[in-house]
Amino acid sequence: MTDPDMADRTYVTPLTPELVEQVVAKERPDAILPTMGGQTALNLAVALAENGVLEKYNVELIGAKLNAIKKAEDRDLFKQAMKNIGLKTPPSGIGSTLEECIHISEEVIGEFPLIIRPAFTLGGSGGGIAYNKEEFEVICKSGLAASLTSQVLVEKSLLGWKEYELEVMRDLSDNVVIICSIENIDPMGVHTGDSITVAPAQTLTDKEYQRLRDYSIKIIREIGVECGGSNVQFAVNPVDGEVMVIEMNPRVSRSSALASKATGFPIAKMAAKLSVGYSLDQIPNDITKKTPASFEPSIDYVVTKIPRFAFEKFPGSLPTLTTQMKSVGESMALGRTFQESFQKAVRSLECGYSGWGCAQVAELDWDLEHLKYNLRVPNPDRIHAIYAAMKKGMKVDEIHELSFVDKWFLTQLKELVDVEQYLMARSLSHLTKDDFIEVKKRGYSDKQIAFATKSTEKEVRSQRISFGVTPSYKRVDTCAAEFEANTPYMYSSYDAECESAPTKRKKVLILGGGPNRIGQGIEFDYCCCHASFSLQSAGYETIMMNSNPETVSTDYDTSDRLYFEPLTVEDVLNVIDLERPDGIIVQFGGQTPLKLALPIQQYLDKHKPLSASGSGHVRIWGTSPDSIDAAEDRERFNAIIKELNIEQPKGGIAKSDADALAIAADIGYPVVVRPSYVLGGRGMEIVYSDDKLVMYLKNAVAVDPECPVLIDKYLSDAVEIDVDALADSHGNVVIGGVMEHIEQAGVHSGDSACILPTQTISSSCLNTIHLWTTKLAKSLNVCGLMNCQYAITMSGEVFLLEANPRASRTVPFVSKAIGHPLAKYAALVMSGKSLNEIGFTKEVIPAHVAVKEAVLPFDKFPGCDVLLGPEMRSTGEVMGIDFLVAIAFAKAQIAAGQKLPLSGNVFLSLNDFTKSHLERLAKAFLGLGFRIVSTSGTAHFLELKGITVDRVLKMHEGRPHAGDMLANGQIQLMVITSSGDSPDQIDGRQLRRMALAYKIPIITTVSGALATADAIEKLKSCKVEVMALQDFFNVEQQKDYSKNLQSASSSL
Amino acid sequence: MELAIKNRIAPTTQNFLTPKPKVKSLRVFSVKCITSLSSSDVAATGVADRPWKTSDARLVLEDGSVWSAKSFGARGTQVGEVVFNTSLTGYQEILTDPSYAGQFVLMTNPHIGNTGVNFDDEESRQCFLAGLVIRSLSISTSNWRCTKALGDYLLERNLMGIYDVDTRAITRRLRQDGSLIGVLTTEESKTDEELLEMSRSWDIVGIDLISGVTCNAPYEWVDKTDPEWDFNCEGRGDIYHVIAYDFGIKHNILRRISSYGCKITVVPSNWPASETLKMKPDGVLFSNGPGDPSAVPYAVKTVKELLGNVPVFGICMGHQLLGQALGGKTFKMKFGHHGGNHPVRNLVANRVEISAQNHNYAVDPASLPKGVEVTHINLNDGSCAGLAFPALNIMSLQYHPEASPGPHDSDSVFGEFIKLMKEVKQKA
């Protein structure tokens, strides 16, 4: 959305009221639309309204007015509003003493069980569910003690109630429609973003549904959302149908996005039109084109959404689902039945399951008690616990009593287990055509059938195809086929009639990235979308295939045709068979399509399908899967590097513990260890000694010849460089951007801040980097994008760390920083165009500076540490852009949510590896007028250098300690590099978690701290100004532009 | 299923029976259901048995397509007109809506039966429809009000149902070709050709279906909408006496009028106008009902005799009869309107109402005399959805303000009927 051609004016700027005011002052807009940007935008709108900016500049809030936002967001106002229209909300109250809590429990609520939630706690401790008075008092006491503000929320427990959501739209003429109803499989207690949800609602009669519909309409009117989309959540008691209103979002939300993909009704697009005065009946339905948008979509399929989690990245936090959302992404699937859509959604998740059941899942080995616990306590893998429980013979009733999952869903799952039992008792050759149809209709993948019949996926596929059992593709049309659909938005099902109607045009299939996860987020979706846009303009029909409802690529109007499908070999081959495109693009969607590249290539080699356009065979476009594999396979890659005379850190591949120790002894500590073939630095660690290495091998990853461990020299204090390059099929290579990381090598590049253009790198090092990148691209026959990571040591030696012949996470950042859409260029290059034809022949060095900073989700994961390391944990990123490096960095920090203090106390605590920087760091902050606070070790070191330090006790040393200072607001900034030893694991971690809770900026690297000091210095001396992205490039075009261009590396 | 799968590959050749010229003949309900006591839908869980039922039913459409499916409910052979309904909820209300007499209802929502059936959601004393066509029959029920599974209910009521058929493919066919006559059978002995012949020799146009669904004698109606479900408790004042002509009336029309404070007498479709006027009602309601308004001239005559003498309100069939009584024409639509999501512009209140609709015939507004106003328009196709003739105190809606199933957006029209009766009474 921040592409400069998306809007007339684009500001990439931190979303703070001050800076938004600047934008308002510059642009003088007539209105602000605050209902599209989630909670951030709503909060900003409230701030701007309350501090008088809107009035001052005469700007109107459209979509939702201040009052409406407040009514929906303020707990008490909302309750009162619901009371006004006769609707119930769960009774609750906030108590700050035990007496107050008891009063709430007896007078306000009056019945057990009760939920007690302490406000503002560390690690979410101290809360719980009380079933009787005695228990209630115990939990309240501990809750009050755990709360930093001595407050607990006491609320009637809706444990086991069913949860529903309705998506509502209203226009300025007061017409209201419901777009979609959603039923949560996980009952009340789990955040809807973390719940498995199904659309449409399955277990409501018409009377019950219409009641929720009436309530939703009343609510949107009472809250006063004038126009646009809203989301209302209800709890329904399964015993007697009693309804309570849980909450209402006066804006489009995550659920709106899901509902839009689920129904084909683009809620946000319509909401935008409504906000400028259109009424629903004036806008045509986007899909039928003939009927108006003032209707309620009817769907003739079932949609299942399953969230994807990343608890393994946050050790210390329990994988338990609560009302705090923790998922990092989601998959969605459509099928004609719940079973079909559910199975497809499970395999779309890409968590190693080919569907639900029909696999040796870990839960099958659990004992009954363990299983019961996992049925009772919501967790990411509960559906697999349900499977294991059913396989062990547990009855639907019992599973329901433990999990409160509605029996309708459980019986559907039970039938899947029955089908599995049937399959298990048969061999593949005994399955009839009818069997295949029945099984495939229930969403089973070929892989699952192969597991059950003890055969291979390939055998199942060929048997199935020999019977003529292939999927038919149905269209999503908002109207259950009542009207003709003009939009080819499709999903597969094993039903009779296929509506796909593929064309004979020249066409390209683009494989998307699947569910968002840490390490593979919307950056890849950006690339897929851009590929689609550019190939469309180049005259190709583009076909998108993806399973992620949070993306732009799965908007039905992004590509010519959309297949909302799991990204597995089976599903992709089915689409290839049907569409027979000229080209298939696998390098934009991250690891997901890359992993499919080899099997697809094998299939194409074997079957040699002709393209539907009649111009040759179906091919994978761009860098060949073999080259991709060469870059991923350590041994093949090492051979290439050696041949090209490119240096990389010393290292080796260990296939046993002894190997590992020998390699470490040879290259010397510290070393980086990691399992081979990993994504996002999973399981990667920096190890400083033999003991630690042994411990790593024992605890983190088991080494065996099948799964070797890679051991490389860790380059202490090296600067890391990221390079994105473009290569065409004519042998030309152009560097897209060279980024200098702020955090030292060893911090995962995805979690590290980086600067473009580079600031401290010598031209000789840059030349080496250009030379090596070009050599590598040519050697790997890269066609399209390639990303390389280098490390430059203090002495100026350059080492290659990694090379990936595909689009990288940094492509959108580089594109926006240099003003060239690299992904678009890459797609054109893959279609055969040369870089010359595209007009991108030279590296662009902008006059401004762009800084990328990672956004980390630590506050959502109670108990986990906040240190950065080789394992990626960020879930998003921001960009700061300015002509001054320090201001660009400051903008990125502010945008990432760090409130940089301009004065006060800095807490410094550095480990032995980083102590050498301590003096410089301390002096930097002293020079800015900060006082230094330290515990004994760091303080002693500084005092020896003659630096004044305020000493404070460590948390285990007695009181008052560092934590007390934090709590009392005496510390404004913390710089902590962890020693990783056991006292630190307790003491240091707790302190870091406290800083997080009190929202005190905490920096865990020396380089980050130094950059922050620079930023603070600049913030003190100059004002942060905003400038539109378009202007950065206009200004630079007016200057003598050619000076800033380096010679194309292709000439090397 | 096998045939259906083949349909996808070659929909126009392999499995289509040779089309023959259509022979019109006016036979109704030529085939009766026979009840089978064998429980038809028990999923086997044993290892040896297939955990699903194999196909045992066929749906043959007059266009020559044959759809193999699985049966539930009653067994036998049945002929009817296939219509699709796009409502996501409310299958029980649809099953008990007398307007579906002579029709197979195909639900486009794939999962049907999830909430079973219950006491409150009945819209008439029995099911008059010919059968139910669905994609997936629920294997269990989940709802606090559920008293019975859908399959058992159909069996008890001697109704045929089929599932595991590509309902979307059939819907697309109906959308393209218009409503089709179909024959549903579980009898293997009947050949596809016989069934096709049966479908072609049956017709629903011009048939009086109302006499088969109306009540036998007048009765008083007292039930209001249950407080548990009432959603609009405003505007209750004086008590008005309404006579409701039962052309196949849905109970919720009566409950809503009763909730608005009326005393109601329900009369059979052939109840003479003179008798009605003798009872001195404040208003007369012409209800919804099945089939072709042209097939019931006696009802049109009754309506004509009442016009001008008393405020009247027509719903659905009642609206069409009013259209005819006013001298207008009605025509059969391609596939009608059946669903709960139709946008209607209320021209009087100038707002869009999302409405429940169920009709195959419509009034041609161009054919109506001067003075008759079109008050409501269906925004999907511009068809006439409501009329008023203020001079004669007439109001009517083509669709279902009583909802059940469907949204409650148009409920206020009952208040307008009360207002009309009040005005007339005050003038008098």
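Peptides A:719-731, A:322-334, A:920-932 ordered by packing proxy, namely the average of other Cβ atoms within 10 Å per residue, highest first: A:719-731, A:322-334, A:920-932. Value of Rg to Rh for the protein assembly as shown, rounded to two decimals, is 0.99; Kirkwood radius and Rg both from alpha-carbon coordinates.
Other residues within the sphere of radius under 13 Å centred on the Cβ of residue A:1002, judged by their own Cβ, net out at +3 (K and R +1, D and E -1).
Approximating the spin labels as points 7 Å out from Cα along Cα→Cβ, the residue A:635-to-residue B:144 distance works out to 6.5 nm. Each label was represented as a point 7 Å from its Cα along the Cα-to-Cβ direction; for residue B:275 and residue A:695 these points are 9.6 nm apart. Would you mind estimating how fast the stretch A:344-443 diffuses translationally, via Stokes-Einstein at 10 °C and 1.306 mPa s with the Kirkwood radius over Cα pairs, in µm²/s? Translational D for this selection: 111 µm²/s. Mind checking which of B:320, B:103, B:126 has the largest fluctuation in a GNM of chain B, springs on alpha carbons under 10 Å? Maximum fluctuation in the GNM of chain B, among the listed residues, is at B:126.
Expressed as a rounded percentage, what relative contact order does chain A have, with Cα pairs under 8 Å and six or more residues apart?
Once divided by the residue count of chain A, the mean separation gives 9 percent.
The helix-based estimate of mean residue ellipticity at 222 nm for chain B, built from -39,500 (n - 2.57) per DSSP H run of four or more residues and divided by its residue count, is -6000 deg cm²/dmol to the nearest 500.
For chain A, a simple Cβ point-charge model (Lys and Arg +1, Asp and Glu -1, everything else neutral) yields a dipole of about 1020 debye relative to the Cα centre. Each residue, residue A:7 and residue A:536, gets one label point 7 Å from its Cα in the Cβ direction; the gap between the two is 2.1 nm. Neighbours of residue A:981 by Cβ distance under 14 Å: Lys/Arg scored +1, Asp/Glu scored -1, total -2. Fully extending the segment from residue A:503 to residue A:619, taken as 0.36 nm per residue of separation minus the present Cα-Cα distance, adds 40.0 nm.
Sort B:70-80, A:964-974 for me by packing, meaning the mean count of neighbouring Cβ atoms within 10 Å per residue, highest on top.
My ranking of the peptides, most packed first, is B:70-80, A:964-974.
A dipole drawn for the protein assembly as shown from +1 and -1 charges on Cβ atoms has a positive end, and of A:866, A:975, A:67 the residue lying farthest that way is A:67. When A:790, A:278 are sorted by how many other C-beta atoms sit within 10 angstrom of their C-beta, beginning with the fewest, the order is A:278, A:790. Using R0 = 60 Å, the C-beta based FRET efficiency linking residue B:334 and residue A:797 works out to 0.15. From the largest down, the stretch A:905-965 spans 29, 26, 16 angstrom on the principal axes of its Cα atoms. For residue B:363, the shell of other residues with beta-carbons less than 14 Å away shows a net charge of -2, using +1 for Lys and Arg and -1 for Asp and Glu. An ellipsoid equivalent to the stretch A:91-156, defined through the eigenvalues of its Cα gyration tensor, has semi-axes of 17, 11, 9 Å when rounded to whole angstrom and sorted largest first.
Put in line by how crowded their Cβ is, counting other Cβ atoms within 10 Å and starting with the fewest, A:451, A:338 read A:451, A:338. Near residue A:329, the amide H atoms lying under 5 Å from its own belong to A:308; only residues 5 or more places off or on other chains count, and H is placed 1.01 Å from N. For chain A, the mean residue ellipticity at 222 nm estimated from helices alone is -10500 deg cm²/dmol, where every DSSP H run of n ≥ 4 contributes -39500 (n - 2.57) and the total is divided by all residues, rounded to the nearest 500.
For the segment A:489-497, counting C-beta atoms of other chains within 10 Å of every residue's C-beta and taking the mean gives 5. Working note: Cα atoms of the stretch A:682-765, range along each principal axis, descending, whole Å: 45, 33, 23. Computed from phi, the 3J(HN,Hα) profile of the stretch B:340-345 under the Karplus parametrisation 6.51, -1.76, 1.60 (θ = phi - 60°) reads x, 9, 7, x, 10, 8 Hz, with x in place of Gly and Pro. Note on A:290-296: average number of Cβ atoms from other chains within 10 Å of each residue's Cβ is 6. For residue A:847 and residue A:926, the difference between the fully extended length at 0.36 nm per residue and the C-alpha to C-alpha distance is 25.3 nm. Take each residue in B:296-302, count the other chain C-beta atoms within 10 Å of its C-beta, and the mean is 0.
Percent of Cα-Cα pairs more than 14 Å apart in the stretch A:1-62, please.
The share of Cα pairs beyond 14 Å in the stretch A:1-62 comes to 56 percent.
Working note: Debye formula, equal point scatterers on the alpha-carbon atoms of chain B, no solvent; log10 I(q)/I(0) at q = 0.07 Å⁻¹ is -0.34.
Quote the FRET efficiency, to the nearest 0.05, computed for residue A:57 versus residue A:762 with a Förster distance R0 of 51 Å and r equal to the Cβ-Cβ distance.
That pair, residue A:57 with residue A:762, gives E of 0.60.
A Förster radius of 22 Å, combined with the Cβ-Cβ distance separating residue A:999 from residue A:915, puts the computed FRET efficiency at roughly 0.20. For the stretch A:217-288, the set of GluC sites (Glu not before Pro) satisfying both a DSSP loop assignment and a count of at most 16 other C-beta atoms within 10 Å is given as A:242.
Exposure proxy shown here: for B:147, A:554, the number of other Cβ atoms within 10 Å sets the order, fewest to most, as B:147, A:554. Annotation: for a label point projected 7 angstrom from Cα along Cα→Cβ of residue B:190, residues of the stretch B:94-126 with backbone N closer than 17 Å are B:102-105.
Readers should treat all values here as calculations from the given coordinates under stated rules, not as data from a laboratory. The structure displayed is predicted, hence computed values, not measured ones. A quick note on method: Cβ atoms are made from the backbone with ideal geometry, for glycine too, and the neighbour counts reach across all protein chains shown.
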